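The values are calculated or read from the model by the stated rules, or taken from the named source; none is laboratory data. In this text the structure is predicted, and so the values were computed from the model without any measurement. Every residue, glycine among them, receives a Cβ derived from its backbone with ideal geometry; neighbour counts consider all protein chains shown.
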Amino acid sequence: MKLAAIDWAILVLYFIFVLGIGYALKRYMRSSEDYFLSGRSIPAWVAGLAFLSANLGAQEVIGMAASGAKYGLATSHFYWVGAIPAMVFLGIFMMPFYYGSRARSVPEYLKLRFDEKTRAFNAISFAAMTIFSSGISMYAMGLLLNLLLGWDFTVSVWVSATVVLLYIFLGGLTSAIYNEVLQFFLIVFGFAPLVFLGLQDIGGWAGLTAALNDVATSRGYEAGAWTQTWSMSGDPSANPMGVEWFGIAMGLGFVLAFGYWCTDFLVVQRAMAANSMSAARRAPIIAAVPKMLFPFLVILPGMIAIGLMQNVDTTGFALPAKADGSINYDLTIPMLLIEYFPNGMLGLGLTALLASFMSGMAGNVTAFNTVWTYDIYQSYIRSGASDAHYLMVGRVTTIVGVSLSVAAAYVANSFNNIMDMLQLLFAFVNAPLFATFLLGMFWKRATGHGAFFGLLSGTIAAALHHGLSLPAGATAGVKGGWLQAIESYPSEMAQNFWTAIYAFTTCFVLTIVISLLTRPREERELVGLVYSLTEKPQEHGVPWYGRPGPLGAAVVGLSLVLSIMFW
Amino acid sequence: MSQPAGLDVRWPLGLLFVLLGALLLGYGLLLEPTQATAFTGEPPGMQVAADVINMTWGAVLLLFGAVVLYLARRGRRGSTQP
């Protein structure tokens, strides 16, 4: 791929805006609350788009297109079954406690609701996780730019890290949020023409279905395996994902999606920066509207690519192979960009891709500096200092966080397996977390000891299940079965879903049992933290579209319609 | 409602898209239609020329940016009134 002057001009223009926003916001950063929480001043729609964008990192754009190619439209389960209900649940039921408790972070809520040790467990694992995910994101970007444009890995990593560092250092969370809004629109406007041109090329939806039916039958599935969703989920062997309806609904829909969208501070932080309780609750629901349509933006390109590849003789399009001979699905979006975009548009598409990498990175860095400064530094290292001190610590932490991410990117570059193992470890920590929050927010009897030991056992249960099971065709090791493979799953995805189900159930049951055996907290200490002891927000005289409840119901209804349309 | 963040995000958003749109539109107009041949290898039934797609999408971005700037201006007027 060769860039022309126009492509560079677009890229440079974007970078000027990114840094300009940081610079323009610098003078508004007067207190640590401005820096870490945007002074709780962000309008609902801005918080909503940032909420969505923080998750629109490399994994989302590159990974969802890759899954679209690999598994077809069933990938949309991650949206219509997974994300949408969880985002609506967060807005309607959980946001009142996150926002209303005045906690400054998700770990801090755990401290207010439970105790110090539960907070510490969550804060430390979360902080480590953000650094490594940001590092992996950077590593993926460096690799991709090297492959596509021949850019040097080191230059790519350092330039993007420096840009992200500068705009967060200057403008804090507000700067990250504003840039996420820009990134959101860039990604939409950068990838929409790709889908349009691709669909034109393959002969519209009918042409795509025909090509994908060939893909399905040539791989031993029924014709609709790539273009239908639920109708192919009766048996794990009927779809390329290798999961059946129960695993999808429970593992992905209930445990994994709710665990991520409702408890991950990376996204929740955006909603917590909103300017009112009502805005904070509407933010994730507003985000759910575009999220619902994202399968058409990020999954469809993958389906188009694999359809084109099926008829490679006439289309001339093929995804490159990896060193081991398997298809490199991760290159779906970049290869389509090269195929369809002329210079000019190519610059826009590339900018959108870079924007997605940077939004993922920035989300991790802002979440890291808040959790580090408030939940670790202020709590265990130095409490009682002046606000200016913590603002300074936040800025320094931004530098440290970005530097550690760069280091992590280099670690990933040299020891791929270490990063796989770390990601695995974090998956164990995250899997049971939603049970803790669910009980914490809706059962006043849940105690600190119950939460902590429930969480710990859930994590151990996840690790045990992983160590005792193996996806088909894998060898024991990072993929599982490192204790002894007594259970076998048709795919890695099925194994993941079941790991999550075991972890959640263990944490849920043990938290209840241990809570009942330990001394409950005084009810007056739990006001504002637990559903039954908190006054419901008043919404008299607010039109339906301004109220989270009806808005959320409308969003869930719409995503149900989409599910049925593509049943 | 608490203190607004000081800078309405719609200003940079609108401005960025107006400039991006102008760049693409201008570039599309400058391209010679003859030399701007189809850019894909051998696509059946699709020959979108580079000048057309740059111009069209440039115009779309420009329009989007202009609408956002208009909304930002209206928002500012709204906030100065009591």
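Descriptive notes on the structure:
- Residue in the range A:157-181 that is farthest from A:Glu60 (Cα to Cα), counting only those that are within 13 Å of chain B (Cβ to nearest Cβ) and more than 18 Å from the chain's Cα centre (by Cα): A:Leu170
- Count - residues of the range A:459-495 that are among the hydrophobic types (A, V, I, L, M, F, W, C) and touching a Gly at 6+ places or on another chain (Cβ under 8 Å): 8
- Residue within the range A:509-522 that is of a type outside the set (Gly, Ala, Ser), in a loop (DSSP other than H, G, I, E, B), without any contact (Cβ under 8 Å) to a residue 24 or more places away in the chain and under 29 Å from A:Met277 (Cα atoms) present: yes
- Conditions (1) within 14 Å of another protein chain (Cβ to nearest Cβ); (2) buried (at least 21 other Cβ atoms within 10 Å of the Cβ): number failed by A:Ala83: (1)
- Neighbours by Cβ (under 7 Å, 6+ apart or cross-chain): first from the range A:72-92, touching a residue at least 24 places away in the same chain (Cβ under 8 Å) and farther than 17 Å from A:Val268 by Cα; second part of a helix (DSSP H, G or I) and of a type in the set (Lys, Arg): A:Tyr79/A:Lys291
- From A:Ala431, A:Ala409, residue being in contact with a helix residue (DSSP H, G or I) (Cβ under 9 Å, 6 or more places away or on another chain), buried (at least 21 other Cβ atoms within 10 Å of the Cβ) and either in the same structural domain as A:Val164 (by TED's automatic domain parsing) or closer than 22 Å to A:Ser359 by Cβ (or both): A:Ala409
- A:Val509 meets the conditions (1) touching a strand residue (DSSP E or B) at 6+ places or on another chain (Cβ under 7 Å); (2) surrounded by fewer than 17 Cβ atoms within 10 Å (Cβ to Cβ) in every case but one. The failed one is (1).
- Odd one out for A:Tyr28 among (1) closer than 20 Å to A:Ala355 by Cβ; (2) surrounded by 20 or more Cβ atoms within 10 Å (Cβ to Cβ); (3) within 14 Å of chain B (Cβ to nearest Cβ); (4) in contact with a Leu (Cβ under 8 Å, 6 or more places away or on another chain): (1)
- Breaking point among (1) within 29 Å of A:Tyr531 (Cβ to Cβ); (2) touching a Ser or Thr at 6+ places or on another chain (Cβ under 8 Å); (3) surrounded by fewer than 22 Cβ atoms within 10 Å (Cβ to Cβ), for A:Asp387: (1)
- Selection of helices (runs of 4 or more DSSP H) fully inside the range A:337-445 by the criterion of at least 2 residues being within 14 Å of chain B (Cβ to nearest Cβ) and charged (D, E, K, R) returns nothing.
- Boolean, B:Phe39 is within 9 Å of chain A (Cβ to nearest Cβ), within 16 Å of A:Met345 (Cα to Cα) and at pLDDT below 55: yes
- Among the residues making up the range A:145-197, a single one is in a helix (DSSP H, G or I) and of a type in the set (D, E, K, R): A:Glu180.
- Number of residues in the range A:41-83 that are small (Gly, Ala, Ser) and under 20 Å from A:Ser563 (Cα atoms) equals 9.
- Filter result (surrounded by fewer than 18 Cβ atoms within 10 Å (Cβ to Cβ) and closer than 16 Å to A:Trp567 by Cα) within the range A:207-229: A:Glu222, A:Ala223
- Helices (runs of 4 or more DSSP H) contained in the range A:25-144 and holding at least 3 residues modelled with pLDDT of 85 or more and in the same structural domain as A:Tyr178 (by TED's automatic domain parsing): A:44-55, A:64-71, A:84-89, A:95-100, A:106-113
- In the range A:176-211, the residues that are among the hydroxyl-bearing types (Ser, Thr, Tyr) and at pLDDT below 90: A:Thr209
- Unmet criterion (only one of (1) facing chain B (nearest Cβ under 10 Å); (2) in contact with a helix residue (DSSP H, G or I) (Cβ under 6 Å, 6 or more places away or on another chain)) for A:Ile62: (1)
- Only a single item in (1) over 20 Å from the mean Cα position of the chain (by Cα); (2) away from chain B (no Cβ under 14 Å) is not met by A:Pro193, and it is number (2).
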